[in-house]
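Reading through the structure tokens given below for one structure.
The values are calculated or read from the model by the stated rules, or taken from the named source; none is laboratory data. No experiment lies behind these values; they were computed from the predicted model shown. Glycine also receives a Cβ, built like all others from the backbone with ideal geometry; neighbour counts cover every protein chain displayed. All accessible areas refer to the heavy atoms of the entire protein, side chains included, with ligands and DNA or RNA removed. Shrake-Rupley method; radii C 1.70, N 1.55, O 1.52, S 1.80 Å.
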Amino acid sequence: VLREADLTLERRAKAQAGEGVDLAAARGMALRRPMREGQALRAPDLIRPQHVERGGFVTLVYGLGGMSLSLKAKALQSGAQGDLVAVQNIQSKRTVTGVVTGPSEVTVSAAPTAVARR
């Protein structure tokens with residue numbers, strides 16, 4: 001994840017630098033590929049930091065109202081904060097889709113179930 005100390009502003013010929021990125025927008029982003037010091041940074045070089053890696057283990061949190069249940073699951077997709085990703089419950093092998101809410105954490109909000117009354 002890029003911090004302010006990782007970035008410097010330099011004047012370069014347009015042919016050499018291409019389209020640069022705004023320093024404020026680059027802060028907090030991650031690099032898509034390894035880069036050398038002094039190399040010009042472009043918008044396609046940046047991605048949002050991935051909190052969940054494909055194939056990695058995550059904490060799956062089911063939430064409904066004030067109650068929550070957490071369990072271990074395997075991520076079937078990589079994702080950044082706020083992304084929808086598919087995860088597989090290790091015990092039941094059931095696949096669900098949830099929102100990445102933090103490092104190695106995916107949350108599924110249970111929808112309220114309708115109950116018929118007589």
Over the chain, with neighbouring protein chains present, the accessible area per residue in Å² at probe 1.4 Å is 74 Å²
With all protein chains present, the chain has a carbon and sulfur share of its accessible area (1.4 Å probe) in percent of 52 percent
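Using a Förster distance of 22 angstrom, determine the FRET efficiency expected from the C-beta separation of GLN39 and SER78, and round it to 0.05.
After rounding, the FRET efficiency stands at 0.35.
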Given a Förster distance of 30 Å, the FRET efficiency implied by the Cβ-Cβ spacing of ALA25 and LEU64, rounded to the nearest 0.05, works out to 0.25
